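Trainee: Got a structure here, written out as C-alpha coordinates. Questions coming.
The values are calculated or read from the model by the stated rules, or taken from the named source; none is laboratory data. For clarity, every value in this text was computed on a predicted model and none was experimentally measured. With ideal geometry, Cβ positions are generated from the backbone for all residues, glycine too; neighbour counts draw on all protein chains shown.
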(Lines give C-alpha, C1' and ligand atoms only; values in the text may rest on other atoms or scores of the structure.)
Protein backbone atom coordinates (compact mmCIF):
# COMPACT_ATOMS: atom_id res chain seq x y z
CA UNK A 1 0.00 0.00 0.00
CA UNK A 2 1.25 3.49 -0.85
CA UNK A 3 2.42 5.69 1.99
CA UNK A 4 -0.37 8.08 2.98
CA UNK A 5 0.96 11.57 3.56
CA UNK A 6 -0.98 14.65 4.62
CA UNK A 7 0.31 18.17 4.05
CA UNK A 8 -1.57 20.70 6.16
CA UNK A 9 -1.18 24.09 4.54
CA UNK A 10 -0.53 24.76 0.86
CA UNK A 11 1.46 27.97 0.98
CA UNK A 12 5.12 27.98 -0.10
CA UNK A 13 6.30 25.44 2.51
CA UNK A 14 3.60 22.95 1.52
CA UNK A 15 4.20 23.47 -2.20
CA UNK A 16 7.97 23.05 -2.02
CA UNK A 17 7.49 19.93 0.10
CA UNK A 18 5.13 18.49 -2.51
CA UNK A 19 7.55 19.43 -5.28
CA UNK A 20 10.23 17.17 -3.78
CA UNK A 21 7.93 14.47 -2.41
CA UNK A 22 6.77 13.54 -5.89
CA UNK A 23 10.35 12.58 -6.78
CA UNK A 24 9.77 9.52 -4.56
CA UNK A 25 10.28 6.42 -6.75
CA UNK A 26 7.30 4.58 -5.22
CA UNK A 27 3.69 5.77 -5.57
CA UNK A 28 2.48 7.95 -2.69
CA UNK A 29 -0.99 8.95 -1.58
CA UNK A 30 -0.72 12.68 -0.83
CA UNK A 31 -3.53 14.74 0.64
CA UNK A 32 -3.34 18.54 0.63
CA UNK A 33 -5.43 20.38 3.22
CA UNK A 34 -6.09 24.08 2.69
CA UNK A 35 -8.24 26.26 4.93
CA UNK A 36 -8.75 28.88 2.21
CA UNK A 37 -10.86 28.63 -0.90
CA UNK A 38 -7.91 28.07 -3.23
CA UNK A 39 -4.92 25.85 -2.52
CA UNK A 40 -1.47 27.11 -3.39
CA UNK A 41 -1.72 30.84 -2.80
CA UNK A 42 -0.50 31.21 0.78
CA UNK A 43 -1.74 33.72 3.33
CA UNK A 44 0.66 36.62 2.54
CA UNK A 45 -0.19 36.42 -1.18
CA UNK A 46 -3.98 36.11 -1.03
CA UNK A 47 -6.63 38.75 -1.86
CA UNK A 48 -7.86 38.52 1.74
CA UNK A 49 -4.57 39.90 3.09
CA UNK A 50 -2.98 41.79 0.18
CA UNK A 51 -3.77 44.36 -2.45
CA UNK A 52 -2.18 45.13 -5.80
CA UNK A 53 -0.24 47.96 -4.17
CA UNK A 54 1.61 45.61 -1.82
CA UNK A 55 4.96 44.38 -3.13
CA UNK A 56 6.61 41.05 -2.45
CA UNK A 57 9.93 41.48 -0.69
CA UNK A 58 11.71 39.00 -2.95
CA UNK A 59 12.80 39.17 -6.58
CA UNK A 60 12.46 36.42 -9.18
CA UNK A 61 16.18 35.65 -9.06
CA UNK A 62 15.87 34.69 -5.38
CA UNK A 63 12.79 32.46 -5.65
CA UNK A 64 13.67 28.74 -5.90
CA UNK A 65 11.94 27.38 -9.03
CA UNK A 66 9.05 24.95 -8.76
CA UNK A 67 7.91 23.71 -12.17
CA UNK A 68 9.68 26.72 -13.66
CA UNK A 69 11.28 30.02 -12.54
CA UNK A 70 9.04 32.91 -11.59
CA UNK A 71 10.46 35.12 -14.35
CA UNK A 72 9.66 32.50 -16.99
CA UNK A 73 6.11 32.36 -15.66
CA UNK A 74 5.82 36.15 -15.76
CA UNK A 75 7.06 36.26 -19.34
CA UNK A 76 4.41 33.71 -20.29
CA UNK A 77 1.50 35.77 -18.94
CA UNK A 78 -0.79 37.84 -21.17
CA UNK A 79 0.28 41.48 -21.42
CA UNK A 80 -3.10 42.62 -20.12
CA UNK A 81 -2.70 40.53 -16.97
CA UNK A 82 0.69 42.06 -16.26
CA UNK A 83 -0.48 45.61 -16.93
CA UNK A 84 -3.41 45.03 -14.58
CA UNK A 85 -0.77 44.61 -11.87
CA UNK A 86 1.14 47.69 -12.93
CA UNK A 87 3.90 45.83 -14.78
CA UNK A 88 5.22 46.70 -18.22
CA UNK A 89 5.68 43.44 -20.16
CA UNK A 90 8.74 44.97 -21.85
CA UNK A 91 10.47 45.74 -18.54
CA UNK A 92 10.34 42.37 -16.79
CA UNK A 93 13.59 41.64 -14.98
CA UNK A 94 14.97 38.90 -12.74
CA UNK A 95 15.65 41.43 -9.96
CA UNK A 96 12.25 43.08 -10.15
CA UNK A 97 9.86 43.19 -7.18
CA UNK A 98 6.28 42.40 -8.16
CA UNK A 99 2.92 42.63 -6.35
CA UNK A 100 2.37 39.91 -3.77
CA UNK A 101 -0.96 38.97 -5.34
CA UNK A 102 0.80 38.14 -8.60
CA UNK A 103 3.30 35.95 -6.77
CA UNK A 104 0.33 34.16 -5.21
CA UNK A 105 -1.04 33.44 -8.66
CA UNK A 106 2.34 31.97 -9.63
CA UNK A 107 2.29 29.62 -6.65
CA UNK A 108 -1.29 28.60 -7.44
CA UNK A 109 -0.44 27.81 -11.07
CA UNK A 110 2.71 25.96 -10.08
CA UNK A 111 0.81 23.84 -7.54
CA UNK A 112 -1.75 22.80 -10.15
CA UNK A 113 1.04 21.81 -12.54
CA UNK A 114 2.78 19.84 -9.79
CA UNK A 115 -0.44 17.97 -9.06
CA UNK A 116 -0.80 17.06 -12.73
CA UNK A 117 2.83 15.94 -12.83
CA UNK A 118 2.40 13.86 -9.66
CA UNK A 119 -0.66 12.08 -10.97
CA UNK A 120 1.00 11.42 -14.32
CA UNK A 121 3.86 9.62 -12.54
CA UNK A 122 1.61 7.37 -10.47
CA UNK A 123 1.03 9.31 -7.27
CA UNK A 124 -2.44 9.85 -5.85
CA UNK A 125 -3.20 13.46 -4.91
CA UNK A 126 -6.30 14.67 -3.08
CA UNK A 127 -6.86 18.41 -2.68
CA UNK A 128 -9.10 19.45 0.21
CA UNK A 129 -9.86 23.16 -0.19
CA UNK A 130 -11.99 25.17 2.26
CA UNK A 131 -11.03 22.52 4.82
CA UNK A 132 -9.69 23.63 8.17
CA UNK A 133 -7.88 20.91 10.12
CA UNK A 134 -8.94 21.12 13.77
CA UNK A 135 -7.12 18.20 15.37
CA UNK A 136 -4.63 15.38 14.86
CA UNK A 137 -5.19 12.11 16.71
CA UNK A 138 -2.88 9.08 16.89
CA UNK A 139 -4.59 5.89 15.78
CA UNK A 140 -2.05 3.19 16.49
CA UNK A 141 -1.30 2.62 12.83
CA UNK A 142 -1.03 6.31 12.00
CA UNK A 143 -2.57 9.75 12.48
CA UNK A 144 -6.24 10.58 12.12
CA UNK A 145 -7.31 14.04 10.99
CA UNK A 146 -10.35 15.96 12.17
CA UNK A 147 -11.59 18.95 10.20
CA UNK A 148 -14.25 21.58 10.70
CA UNK A 149 -16.26 19.56 8.18
CA UNK A 150 -15.86 16.30 10.13
CA UNK A 151 -13.29 13.48 10.38
CA UNK A 152 -11.30 12.28 7.38
CA UNK A 153 -11.79 8.58 6.69
CA UNK A 154 -8.13 7.97 5.81
CA UNK A 155 -5.46 7.28 8.46
CA UNK A 156 -2.13 8.86 7.53
CA UNK A 157 1.36 7.44 7.93
CA UNK A 158 2.97 10.88 7.91
CA UNK A 159 1.61 14.38 8.56
CA UNK A 160 3.50 17.52 7.55
CA UNK A 161 2.50 20.75 9.28
CA UNK A 162 3.07 23.62 6.86
CA UNK A 163 0.53 26.08 8.23
CA UNK A 164 2.67 29.18 7.76
CA UNK A 165 2.26 32.46 9.61
CA UNK A 166 -0.29 32.92 12.37
CA UNK A 167 -1.88 36.29 13.10
CA UNK A 168 -4.91 37.36 15.14
CA UNK A 169 -8.28 36.58 13.59
CA UNK A 170 -10.45 39.29 12.10
CA UNK A 171 -12.84 38.82 15.01
CA UNK A 172 -10.28 40.51 17.28
CA UNK A 173 -10.28 43.65 15.13
CA UNK A 174 -12.62 46.59 15.49
CA UNK A 175 -13.33 49.45 13.12
CA UNK A 176 -10.50 51.44 14.76
CA UNK A 177 -8.11 48.74 16.06
CA UNK A 178 -6.34 46.12 13.95
CA UNK A 179 -4.09 43.64 15.83
CA UNK A 180 -2.26 42.94 12.54
CA UNK A 181 -2.39 44.18 8.94
CA UNK A 182 -3.96 40.81 8.10
CA UNK A 183 -6.92 41.11 10.47
CA UNK A 184 -9.47 42.53 8.07
CA UNK A 185 -7.58 45.71 7.16
CA UNK A 186 -7.68 45.05 3.40
CA UNK A 187 -11.48 45.12 3.30
CA UNK A 188 -11.96 47.81 5.95
CA UNK A 189 -13.00 51.35 5.11
CA UNK A 190 -10.58 53.60 6.97
CA UNK A 191 -11.73 57.23 7.22
CA UNK A 192 -9.40 60.16 6.65
CA UNK A 193 -8.22 60.46 10.24
CA UNK A 194 -5.17 60.12 12.49
CA UNK A 195 -3.79 56.63 11.78
CA UNK A 196 -1.06 55.09 13.92
CA UNK A 197 0.93 52.09 12.71
CA UNK A 198 3.21 50.23 15.10
CA UNK A 199 6.36 49.21 13.24
CA UNK A 200 8.44 50.61 10.40
CA UNK A 201 9.16 47.44 8.37
CA UNK A 202 7.64 46.32 5.06
CA UNK A 203 4.55 45.05 6.94
CA UNK A 204 4.06 48.55 8.28
CA UNK A 205 4.54 50.07 4.85
CA UNK A 206 1.93 47.64 3.50
CA UNK A 207 -0.48 48.74 6.20
CA UNK A 208 0.11 52.36 5.26
CA UNK A 209 -0.56 51.55 1.60
CA UNK A 210 -3.84 49.83 2.53
CA UNK A 211 -4.94 53.10 4.15
CA UNK A 212 -3.62 55.81 1.84
CA UNK A 213 -4.80 54.16 -1.38
CA UNK A 214 -8.35 54.71 -0.10
CA UNK A 215 -7.70 58.46 -0.04
CA UNK A 216 -5.61 59.26 -3.08
CA UNK A 217 -3.30 57.84 -5.71
CA UNK A 218 0.38 57.58 -6.62
CA UNK A 219 1.49 58.73 -10.04
CA UNK A 220 4.77 59.35 -11.81
CA UNK A 221 5.97 62.76 -12.90
CA UNK A 222 9.14 62.06 -14.82
CA UNK A 223 11.36 60.14 -12.42
CA UNK A 224 9.49 61.40 -9.35
CA UNK A 225 6.66 59.56 -7.60
CA UNK A 226 3.85 61.82 -6.45
CA UNK A 227 0.93 61.15 -4.10
CA UNK A 228 -2.23 63.20 -4.62
CA UNK A 229 -4.73 63.06 -1.78
CA UNK A 230 -8.47 63.14 -2.39
CA UNK A 231 -9.37 63.48 1.30
CA UNK A 232 -8.71 66.06 3.97
CA UNK A 233 -7.55 65.16 7.46
CA UNK A 234 -5.52 62.02 6.74
CA UNK A 235 -2.38 61.62 8.82
CA UNK A 236 -0.33 58.40 9.01
CA UNK A 237 2.35 57.83 11.66
CA UNK A 238 4.78 54.91 11.58
CA UNK A 239 6.39 54.26 14.94
CA UNK A 240 9.03 52.06 16.53
CA UNK A 241 11.61 52.22 19.33
CA UNK A 242 14.16 54.03 17.17
CA UNK A 243 12.05 55.42 14.34
CA UNK A 244 14.53 54.00 11.83
CA UNK A 245 13.13 53.18 8.39
CA UNK A 246 14.32 50.09 6.50
CA UNK A 247 16.83 50.66 3.75
CA UNK A 248 16.24 49.88 0.09
CA UNK A 249 17.23 46.51 -1.33
CA UNK A 250 20.84 46.59 -2.53
CA UNK A 251 22.61 44.98 -5.46
CA UNK A 252 24.76 41.90 -4.83
CA UNK A 253 25.80 38.71 -6.65
CA UNK A 254 23.27 35.86 -6.50
CA UNK A 255 23.92 32.99 -5.79
CA UNK A 256 26.00 34.20 -2.87
CA UNK A 257 29.76 34.09 -3.14
CA UNK A 258 31.51 32.04 -0.42
CA UNK A 259 32.65 33.76 2.76
CA UNK A 260 36.38 33.94 3.39
CA UNK A 261 36.56 33.96 7.20
CA UNK A 262 33.25 32.63 8.50
CA UNK A 263 33.64 29.32 6.69
CA UNK A 264 31.99 26.00 7.50
CA UNK A 265 35.29 24.79 8.98
CA UNK A 266 35.51 27.85 11.23
CA UNK A 267 31.93 27.37 12.40
CA UNK A 268 32.49 23.67 13.04
CA UNK A 269 35.44 24.59 15.24
CA UNK A 270 33.27 26.98 17.26
CA UNK A 271 30.61 24.29 17.70
CA UNK A 272 33.23 21.82 18.91
CA UNK A 273 34.67 24.30 21.38
CA UNK A 274 31.25 25.52 22.51
CA UNK A 275 29.72 28.43 20.62
CA UNK A 276 30.26 31.72 22.43
CA UNK A 277 28.90 34.98 21.12
CA UNK A 278 32.21 36.80 21.52
CA UNK A 279 34.01 34.15 19.45
CA UNK A 280 31.31 34.36 16.79
CA UNK A 281 31.65 38.14 16.70
CA UNK A 282 35.40 37.81 16.26
CA UNK A 283 34.80 35.88 13.02
CA UNK A 284 32.09 38.36 12.02
CA UNK A 285 34.44 41.33 12.52
CA UNK A 286 37.31 39.69 10.64
CA UNK A 287 34.99 38.92 7.70
CA UNK A 288 33.87 42.54 7.47
CA UNK A 289 37.39 43.94 7.94
CA UNK A 290 38.71 41.78 5.12
CA UNK A 291 35.78 42.52 2.83
CA UNK A 292 35.67 46.30 3.38
CA UNK A 293 38.70 47.70 5.29
CA UNK A 294 37.72 51.34 4.70
CA UNK A 295 34.22 50.91 6.15
CA UNK A 296 35.60 48.87 9.07
CA UNK A 297 38.05 51.67 9.88
CA UNK A 298 35.34 54.31 9.54
CA UNK A 299 33.10 52.60 12.08
CA UNK A 300 36.09 51.88 14.36
CA UNK A 301 35.36 48.17 14.14
CA UNK A 302 38.59 47.12 15.87
CA UNK A 303 37.36 48.67 19.13
CA UNK A 304 33.81 47.28 18.98
CA UNK A 305 32.35 44.07 20.38
CA UNK A 306 29.13 42.10 19.99
CA UNK A 307 27.27 44.52 22.24
CA UNK A 308 28.61 47.85 20.97
CA UNK A 309 28.73 47.09 17.23
CA UNK A 310 24.93 47.28 16.73
CA UNK A 311 24.83 50.72 18.34
CA UNK A 312 27.62 51.92 16.05
CA UNK A 313 25.86 50.37 13.04
CA UNK A 314 22.62 52.28 13.64
CA UNK A 315 24.09 55.46 15.17
CA UNK A 316 24.20 57.61 12.03
CA UNK A 317 20.71 56.60 10.91
CA UNK A 318 19.19 57.20 14.33
CA UNK A 319 20.77 60.65 14.42
CA UNK A 320 19.55 61.57 10.94
CA UNK A 321 16.15 62.64 9.74
CA UNK A 322 14.63 59.32 8.56
CA UNK A 323 13.32 60.71 5.29
CA UNK A 324 16.59 62.44 4.43
CA UNK A 325 18.42 59.17 5.10
CA UNK A 326 15.90 57.25 3.00
CA UNK A 327 16.32 59.64 0.08
CA UNK A 328 20.12 59.35 0.14
CA UNK A 329 20.02 55.58 0.58
CA UNK A 330 17.63 55.26 -2.35
CA UNK A 331 19.91 57.35 -4.56
CA UNK A 332 22.88 55.18 -3.58
CA UNK A 333 21.29 51.78 -4.12
CA UNK A 334 19.69 52.75 -7.42
CA UNK A 335 23.04 53.99 -8.69
CA UNK A 336 24.72 50.78 -7.55
CA UNK A 337 22.08 48.64 -9.24
CA UNK A 338 22.53 50.47 -12.52
CA UNK A 339 26.31 50.08 -12.34
CA UNK A 340 26.19 46.57 -10.74
CA UNK A 341 28.22 47.75 -7.77
CA UNK A 342 28.20 45.70 -4.57
CA UNK A 343 28.87 47.36 -1.22
CA UNK A 344 31.23 44.80 0.40
CA UNK A 345 30.27 45.29 4.05
CA UNK A 346 26.54 45.02 3.32
CA UNK A 347 27.09 41.84 1.31
CA UNK A 348 29.25 40.33 4.04
CA UNK A 349 26.56 40.87 6.68
CA UNK A 350 23.89 39.47 4.36
CA UNK A 351 25.82 36.24 3.80
CA UNK A 352 26.68 35.78 7.47
CA UNK A 353 23.21 35.87 8.99
CA UNK A 354 22.33 32.32 7.93
CA UNK A 355 25.72 31.04 9.07
CA UNK A 356 25.31 32.57 12.50
CA UNK A 357 21.72 31.32 12.79
CA UNK A 358 23.06 27.76 12.90
CA UNK A 359 24.98 28.64 16.07
CA UNK A 360 22.12 30.34 17.90
CA UNK A 361 20.80 27.08 19.47
CA UNK A 362 24.26 26.52 20.96
CA UNK A 363 24.40 29.88 22.78
CA UNK A 364 24.11 30.10 26.55
CA UNK A 365 21.05 31.90 27.87
CA UNK A 366 23.18 34.98 28.54
CA UNK A 367 24.66 35.01 25.05
CA UNK A 368 21.25 34.43 23.50
CA UNK A 369 19.85 37.44 25.35
CA UNK A 370 22.82 39.57 24.18
CA UNK A 371 22.37 38.36 20.60
CA UNK A 372 18.63 39.09 20.58
CA UNK A 373 19.21 42.59 21.92
CA UNK A 374 21.98 43.48 19.50
CA UNK A 375 23.31 41.57 16.50
CA UNK A 376 19.96 40.02 15.65
CA UNK A 377 18.46 43.44 14.96
CA UNK A 378 21.14 44.52 12.52
CA UNK A 379 20.96 41.21 10.64
CA UNK A 380 17.19 41.64 10.26
CA UNK A 381 17.72 45.23 9.13
CA UNK A 382 20.19 44.01 6.51
CA UNK A 383 18.29 41.11 4.97
CA UNK A 384 14.84 42.75 5.31
CA UNK A 385 15.74 45.66 3.04
CA UNK A 386 12.63 46.66 1.10
CA UNK A 387 11.90 47.31 -2.60
CA UNK A 388 13.02 50.73 -3.83
CA UNK A 389 9.43 51.45 -4.85
CA UNK A 390 8.36 51.12 -1.22
CA UNK A 391 10.85 53.82 -0.21
CA UNK A 392 9.65 56.03 -3.07
CA UNK A 393 6.11 55.69 -1.78
CA UNK A 394 7.13 56.71 1.73
CA UNK A 395 8.95 59.75 0.38
CA UNK A 396 5.93 60.67 -1.75
CA UNK A 397 3.66 60.48 1.29
CA UNK A 398 6.10 62.64 3.21
CA UNK A 399 6.12 65.26 0.45
CA UNK A 400 2.31 65.21 0.48
CA UNK A 401 2.38 66.06 4.19
CA UNK A 402 0.67 62.81 5.19
CA UNK A 403 3.40 60.61 6.69
CA UNK A 404 5.31 61.03 9.95
CA UNK A 405 7.84 58.84 11.77
CA UNK A 406 7.73 58.58 15.55
CA UNK A 407 10.67 57.20 17.61
CA UNK A 408 9.07 55.96 20.83
CA UNK A 409 12.07 54.67 22.76
CA UNK A 410 11.80 51.47 24.76
CA UNK A 411 9.75 52.99 27.58
CA UNK A 412 6.35 53.94 26.21
CA UNK A 413 2.75 53.43 27.29
CA UNK A 414 0.02 52.31 24.88
CA UNK A 415 -3.63 52.28 25.92
CA UNK A 416 -6.96 51.89 24.20
CA UNK A 417 -9.47 54.48 25.33
CA UNK A 418 -12.76 53.58 23.73
CA UNK A 419 -12.31 53.67 19.94
CA UNK A 420 -9.06 55.65 20.22
CA UNK A 421 -5.49 54.56 20.95
CA UNK A 422 -3.32 56.74 23.17
CA UNK A 423 0.48 56.48 23.30
CA UNK A 424 2.68 58.27 25.82
CA UNK A 425 6.44 58.42 25.32
CA UNK A 426 9.27 60.84 26.07
CA UNK A 427 6.91 63.13 27.96
CA UNK A 428 4.50 63.54 25.04
CA UNK A 429 1.07 62.11 24.20
CA UNK A 430 -0.29 61.04 20.82
CA UNK A 431 -3.88 60.05 20.11
CA UNK A 432 -4.89 57.96 17.07
CA UNK A 433 -8.37 57.39 15.69
CA UNK A 434 -7.27 54.17 13.95
CA UNK A 435 -4.41 51.95 15.10
CA UNK A 436 -2.69 49.04 13.31
CA UNK A 437 -0.16 46.75 14.97
CA UNK A 438 2.20 45.76 12.13
CA UNK A 439 5.16 44.31 14.01
CA UNK A 440 5.11 41.01 12.13
CA UNK A 441 5.22 37.37 13.16
CA UNK A 442 6.18 36.51 16.73
CA UNK A 443 7.60 33.12 17.79
CA UNK A 444 4.86 30.79 19.03
CA UNK A 445 4.97 28.08 21.67
CA UNK A 446 3.26 24.73 22.16
CA UNK A 447 0.22 26.31 23.82
CA UNK A 448 -0.44 28.17 20.56
CA UNK A 449 -0.76 25.00 18.47
CA UNK A 450 -4.28 24.77 16.98
CA UNK A 451 -4.46 20.95 17.31
CA UNK A 452 -5.58 20.14 20.89
CA UNK A 453 -4.58 16.46 21.05
CA UNK A 454 -1.08 17.17 19.76
CA UNK A 455 -0.82 20.27 21.93
CA UNK A 456 -1.77 18.36 25.09
CA UNK A 457 0.63 15.52 24.28
CA UNK A 458 3.51 17.96 23.89
CA UNK A 459 2.66 19.77 27.11
CA UNK A 460 2.47 16.46 28.96
CA UNK A 461 5.94 15.73 27.61
CA UNK A 462 7.13 19.05 29.11
CA UNK A 463 7.68 20.58 25.70
CA UNK A 464 6.87 24.26 26.04
CA UNK A 465 8.30 24.54 22.55
CA UNK A 466 7.97 21.54 20.21
CA UNK A 467 11.18 19.54 19.91
CA UNK A 468 12.15 18.78 16.35
CA UNK A 469 15.14 17.05 14.83
CA UNK A 470 17.39 18.51 12.13
CA UNK A 471 14.95 17.13 9.55
CA UNK A 472 11.95 18.77 11.32
CA UNK A 473 10.57 15.43 12.56
CA UNK A 474 8.78 15.81 15.89
CA UNK A 475 10.68 14.25 18.79
CA UNK A 476 9.85 12.66 22.12
CA UNK A 477 6.08 12.87 21.92
CA UNK A 478 4.75 9.32 22.33
CA UNK A 479 2.44 8.28 19.49
CA UNK A 480 3.13 11.40 17.44
CA UNK A 481 6.90 10.98 17.19
CA UNK A 482 8.19 9.74 13.83
CA UNK A 483 4.85 10.62 12.25
CA UNK A 484 4.72 14.43 12.43
CA UNK A 485 7.03 16.88 10.64
CA UNK A 486 6.85 20.46 11.86
CA UNK A 487 7.53 22.90 9.03
CA UNK A 488 5.36 25.72 10.43
CA UNK A 489 7.64 28.73 10.68
CA UNK A 490 6.21 30.43 13.82
CA UNK A 491 7.15 27.35 15.90
CA UNK A 492 10.68 27.25 14.46
CA UNK A 493 11.56 30.87 15.16
CA UNK A 494 12.76 30.39 18.74
CA UNK A 495 16.09 28.92 17.72
CA UNK A 496 15.98 29.96 14.07
CA UNK A 497 15.40 33.70 14.38
CA UNK A 498 15.83 34.33 10.64
CA UNK A 499 13.60 31.51 9.37
CA UNK A 500 11.45 33.81 7.27
CA UNK A 501 10.53 34.09 3.63
CA UNK A 502 10.20 31.91 0.57
CA UNK A 503 13.78 30.66 0.51
CA UNK A 504 13.40 29.32 4.05
CA UNK A 505 10.13 27.63 3.06
CA UNK A 506 11.89 25.98 0.12
CA UNK A 507 14.74 24.72 2.29
CA UNK A 508 12.32 23.27 4.84
CA UNK A 509 10.35 21.54 2.08
CA UNK A 510 13.50 19.97 0.61
CA UNK A 511 14.63 18.59 3.97
CA UNK A 512 11.23 17.19 4.97
CA UNK A 513 10.58 15.56 1.59
CA UNK A 514 14.05 14.01 1.50
CA UNK A 515 13.63 12.60 4.98
CA UNK A 516 10.24 11.06 4.21
CA UNK A 517 11.54 9.61 0.97
CA UNK A 518 14.51 7.97 2.65
CA UNK A 519 12.99 6.79 5.92
CA UNK A 520 9.83 4.72 5.95
CA UNK A 521 9.75 4.12 9.70
CA UNK A 522 11.55 6.50 12.04
CA UNK A 523 12.85 5.51 15.44
CA UNK A 524 13.08 7.96 18.30
CA UNK A 525 16.11 10.18 17.88
CA UNK A 526 18.36 11.99 20.26
CA UNK A 527 16.98 15.53 20.52
CA UNK A 528 19.24 18.35 19.51
CA UNK A 529 19.06 21.84 20.98
CA UNK A 530 16.68 22.92 18.29
CA UNK A 531 13.29 24.39 19.17
CA UNK A 532 13.45 23.07 22.71
CA UNK A 533 12.07 24.68 25.82
CA UNK A 534 14.64 26.62 27.80
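Trainee: For the stretch 37-84, enumerate the residues that are surrounded by fewer than 16 Cβ atoms within 10 Å (Cβ to Cβ) and in contact with a strand residue (DSSP E or B) (Cβ under 7 Å, 6 or more places away or on another chain).
Mentor: 52
Trainee: Follow-up question, since we're still on this one. Could we say that residue 23 is touching a helix residue (DSSP H, G or I) at 6+ places or on another chain (Cβ under 9 Å), surrounded by fewer than 20 Cβ atoms within 10 Å (Cβ to Cβ) and under 30 Å from residue 491 (Cα atoms) here?
Mentor: Working: touching a helix residue (DSSP H, G or I) at 6+ places or on another chain (Cβ under 9 Å): yes; surrounded by fewer than 20 Cβ atoms within 10 Å (Cβ to Cβ): yes; under 30 Å from residue 491 (Cα atoms): yes.
When the stated conditions are applied, residue 23 passes them.
Trainee: Could you list, in sequence order, all residues of the stretch 87-128 that are touching a strand residue (DSSP E or B) at 6+ places or on another chain (Cβ under 7 Å), without any contact (Cβ under 8 Å) to a residue 60 or more places away in the chain and surrounded by fewer than 20 Cβ atoms within 10 Å (Cβ to Cβ)?
Mentor: Within the stretch 87-128, 119 is the sole residue that qualifies.
Trainee: Could you tell me which of the residues 135, 109 is at pLDDT 95 or above, touching a helix residue (DSSP H, G or I) at 6+ places or on another chain (Cβ under 8 Å), part of a strand (DSSP E or B) and on the phi < 0 side of the Ramachandran plot?
Mentor: 135
Trainee: Kindly provide the set of residues from the stretch 36-80 that are assigned to a helix (DSSP H, G or I) and within 15 Å of the chain's Cα centre (by Cα), ordered by number. Don't jump to the end; show me each part of the working.
Mentor: First, pick out the residues of the stretch 36-80 that are assigned to a helix (DSSP H, G or I): 43-45, 60-62, 70-75, 79-80.
Scanning the stretch 36-80 gives 43, 44, 45, 62.
Trainee: Test of understanding: among 311, 305, 321, which residue is under 30 Å from residue 395 (Cα atoms), at pLDDT 95 or above and more than 26 Å from the chain's Cα centre (by Cα)?
Mentor: 321
Residue by residue, here is whether (1) farther than 30 Å from residue 251 by Cβ; (2) in a strand (DSSP E or B); (3) without any contact (Cβ under 8 Å) to a residue 24 or more places away in the chain; (4) within 25 Å of the chain's Cα centre (by Cα) holds:
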{"position": "389", "(1), (2), (3), (4)": "no, no, no, yes"}
{"position": "392", "(1), (2), (3), (4)": "no, no, no, yes"}
{"position": "395", "(1), (2), (3), (4)": "no, no, no, yes"}
{"position": "410", "(1), (2), (3), (4)": "yes, no, no, yes"}
{"position": "415", "(1), (2), (3), (4)": "yes, yes, yes, no"}
{"position": "429", "(1), (2), (3), (4)": "yes, yes, yes, no"}
{"position": "435", "(1), (2), (3), (4)": "yes, yes, no, yes"}
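Trainee: Just wondering, is there one or more residues in the stretch 170-187 that are crowded, with 17+ Cβ neighbours inside 10 Å, over 23 Å from residue 44 (Cβ atoms) and in the same structural domain as residue 232 (by TED's automatic domain parsing)?
Mentor: yes
Trainee: OK, next. Which residues, counting only those in the stretch 129-141, are within 27 Å of residue 115 (Cα to Cα) and buried (at least 19 other Cβ atoms within 10 Å of the Cβ)?
Mentor: 131, 133, 136
Trainee: Checking residue 289 against (1) outside the structural domain of residue 348 (by TED's automatic domain parsing); (2) touching a helix residue (DSSP H, G or I) at 6+ places or on another chain (Cβ under 6 Å); (3) not in a loop (DSSP other than H, G, I, E, B), which test does it fail?
Mentor: So the condition that residue 289 fails would be (1).
Trainee: Would you mention how many residues in the stretch 397-408 are within 23 Å of residue 179 (Cβ to Cβ) and either outside the structural domain of residue 177 (by TED's automatic domain parsing) or in a loop (DSSP other than H, G, I, E, B) (or both)?
Mentor: The number of residues fulfilling the criteria is 1.
Trainee: Restricting to the stretch 138-155, give me the number of residues that are assigned to a loop (DSSP other than H, G, I, E, B) and closer than 16 Å to residue 7 by Cα.
Mentor: Selection size over the stretch 138-155: 5.
Trainee: Can you say whether residue 209 is touching a strand residue (DSSP E or B) at 6+ places or on another chain (Cβ under 8 Å), crowded, with 18+ Cβ neighbours inside 10 Å and touching a residue at least 12 places away in the same chain (Cβ under 8 Å), as far as the supplied structure shows?
Mentor: So residue 209 does not fit the description; no.
Trainee: Let me ask something else. If residue 335 passes every condition in (1) closer than 15 Å to residue 495 by Cα; (2) free of Cβ contacts under 8 Å to residues at least 24 places away in the same chain but one, which one does it miss?
Mentor: It is condition (1) that residue 335 fails.
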